[in-house]
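Just so it is clear, none of the values below were taken in a lab; they were calculated from the coordinates. Keep in mind the model is a prediction, meaning the values are calculated, not measured. Ideal geometry is used to build each Cβ from the backbone, glycine not excepted, and the neighbour counts take in all protein chains shown.
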Amino acid sequence: MFEYVRNSKRFIKIVLAIIILPFALWGVDSYVRTSGSGDIATVGGTPIDLTEFQEALREQQERLRPMLGNANPEMLDSPEIRRAVLDTLINQRLLAMNALKSKLSVSDAQLIEFISAVPQLQENGKFSSERYAELVASQNMSKEMFEARLRQDLLMQQGLAAVTEAALTGHSSAERWLGMQLEEREVAEALLRPEQYAGQVKLAPDAVKNYFEANRKQFETPEQVRVEFVVLSQEQFASQAVVTEEELGKAYAAQAERNKQPEMRRASHILITASGADAEAAQAKAEELLAQLKKNPADFAKLASQHSHDPGSAAKGGDLDWFGRGMMVKPFEDAVFALKENQISDLVRSDFGFHIIKLTGVRAERVQPFEEAKAGIAAELKRQMAARKYTEAAESFVNMVYEQSDSLKPVIEKFKLDPQQSDWFIRNGAAMPPFTNAKLMAAVFSDDVLKNKRNSEAIEVGPNTLVSARVIEHRPAALPSLESLQPTIEKILVRQEAGMLAAKDGADKLARLQKGENISLSWGAARHVSRASAPQMSPAAVSAVFRVDVAKLPAYAGAEMPGGTYALYRIGGVKKYAASGTVGESQVARALRQDYEQTVAEQDLMAWIAALKERHEVTINKKLLESKER
């Protein structure tokens, strides 16, 4: 059953915290391929080659680029990011090895059930083969390749789930942590703002000039371009491809085995969990419910909603939806496949407890009719045709934009492309796709394109997608005069100096308050804050307030705020958190408890991965890792 994998937010957060790059669709070949370009690492004797690393690094950089905006592009190729990407590839290899060693498996029925339940692949609440075919085609894969990679992903998720579910949090440590997070302190705030000290600032005669000289880049208007560009992609050819009925019929006949669909059954159940000393009471409860159902079978959904201990299905009257063999625990599966439609079972014991099962539907094994299968077959054939045409066109496109570099018109006419124009964007700054691609960005600002007015080379910005661009307009970088910037720089310097005066005065006032002196300050209204909830307070302020010894009240704390303001805090009262157990606990407390459990689970997972690294020797070629040559 993959209900846990689909619905567990805790599991998803843990995976994202440990595995930076997504698993989806990487597949078996990503773990075993070699290219001869040099191995950047080995895991248990199997190599991670340089090409694989560079591809993963490029994909991570493309994901991060929109988030960084105008930040220094070197951040995208920092040692930290390069090491994080390599660690991710190593972790994925370890997880694949663990899945293989543990003999984990995902049956065809499980894979079908998982894919069928994806909301994006449903139409009017039912699985859409057309949408599925479109998804597979968009990944430039065959259906077999897509499902093989998805199967590998699910295998690794099984291994991760086993570790994270086994994590145990100590009750006393959890309660102590929760008590710290929810302890409330009554605070009043007094702010010393830089504006209050601006009149005391006297700038040195050469202060403005010195700041200007030291921060010229800060005031420079960056270099900008606006470009025309064309995109050649496999997707374009797919939209133009035409498949005949005859071709569809031949392909359908050739994949007879793939068109078979196994027997599926739909059932509802009532689960009464049982463990240890509670087993007898649980069995008695289940037998009582079964007796009621024998008298009134129509009450099954109502009794499931009221009494079942399976929260996922109880809300749906016990309904478990469609599933095949190999997807449920064996005692449950054996009972389901022995029932007749609408029949209710006797008690069934499994590791989860006692089940009462009602079979609500049967889909016999069948061959998918041609009319149902044709949409998926058509999408696959179009993908294959588009792949062939794109491969043929790509070489010609690359040559033409280079050999006829004074215009994009030849490739536009030959390949019937739609020319596009960008807005203004700056070198290594924020831009719209496809210029979020680092290589294309660099090509646009190269001397050949910028000064010699030539087409850029054809750059691959994504799988089976080439782009060439040429500059329409160019604005060089420019530095305004010192005279025009003087008022702006003066304001910056005055605020900086005033902020330092505010901080100095604030620290002095805090010391006097802590000695018991009376100081005239404009205190705001008192309010209650906790570590978990302190609106409009910076992390530094929260830390300062809760670091203060409150054995004697009032107590005082202070913190420098962003923008140069210094904040003083008067703590007038303390309210300890009174734990009431999980029953009746507030929503905030429940969320914090879950965060704590997640943290413990993450630590267990990291320890487990560390153990895998010890079991499967990991070596890293540091020279290749640190080299930025492409």
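In a simple Cβ point-charge model (Lys, Arg +1; Asp, Glu -1; nothing else charged), the chain has a dipole of about 1100 debye relative to its Cα centre.
Here Kirkwood radius over Cα pairs in Å was calculated from the structure, and among (1) 29.8; (2) 31.1; (3) 36.4 it sits at label (2).
Starting from the Cα-Cα distance between Glu287 and Asp299, subtract it from 0.36 nm times their residue separation and give me the gain in nm to one decimal. Write out the running numbers ahead of the final one.
Working: separation 12, 0.36 × 12 = 4.32 nm, distance 1.51 nm.
So the chain would gain 2.8 nm between Glu287 and Asp299.
An oblate overall shape is assigned to the stretch 105-145, the ratio a/c of its alpha-carbon gyration tensor axes (a ≥ b ≥ c) being 1.5 or greater and a/b not exceeding b/c.
Applying the criteria of a DSSP loop state and at most 14 other Cβ atoms within 10 Å to the trypsin sites (Lys or Arg not before Pro) of the stretch 529-562 yields Lys552. With a cap of 13 neighbouring Cβ atoms within 10 Å, and only residues DSSP puts in a loop, list the GluC sites (Glu not before Pro) found in the stretch 263-362. Filter output for the stretch 263-362: Glu263, Glu341. Of all complete DSSP H helices in the chain, those with a Cα span along the helix axis of 20 Å or greater and a mean Kyte-Doolittle hydropathy of 0.0 or more are 79-101.
Remark: spin-label model distance Ala526-Lys389 equals 7.6 nm, labels positioned 7 Å along the Cα→Cβ axis. The ranking of Lys202, Lys389 from fewest to most other beta carbons within 10 Å of each one's beta carbon is Lys202, Lys389.
For the chain, relative contact order (Cα pairs under 8 Å, six or more residues apart, normalised by length) works out to 25 percent.
In terms of its alpha-carbon gyration tensor, the stretch 253-341 comes out prolate; a/c meets the 1.5 threshold, and the first ratio a/b outweighs b/c. With R₀ set to 41 Å, the beta-carbon distance separating Glu220 from Lys409 gives a calculated FRET efficiency near 0.70. Around the amide H of Glu263, modelled in the peptide plane, lie the amide H atoms of Glu365, all under 5 Å away and 5 or more residues distant in sequence or on another chain.
In terms of other Cβ atoms within 10 Å, Tyr556, Tyr569 run from fewest to most in the order Tyr556, Tyr569. The Arg258 and Asn124 beta-carbon pair, evaluated with R₀ = 41 Å, returns a calculated FRET efficiency of approximately 0.95. At a Förster distance of 51 Å, what's the computed FRET efficiency of Asp448 paired with Ser142, Cβ-Cβ distance as r, to 0.05? That pair, Asp448 with Ser142, gives E of 0.85. By the helix-only formula, in which each DSSP H run with n ≥ 4 contributes -39500 (n - 2.57) and the sum is divided by residues, the chain has a 222 nm mean residue ellipticity of -15500 deg cm²/dmol.
Sort the stretch 486-543 into rounded, prolate or oblate with this rule: let a ≥ b ≥ c be the square roots of the eigenvalues of the Cα gyration tensor; rounded if a/c is under 1.5, and if a/c is not under 1.5, prolate when a/b is larger than b/c, oblate otherwise.
Working: a/c = 2.60, a/b = 1.42, b/c = 1.82.
Taking the square roots of the gyration eigenvalues as a ≥ b ≥ c, the stretch 486-543 is oblate.
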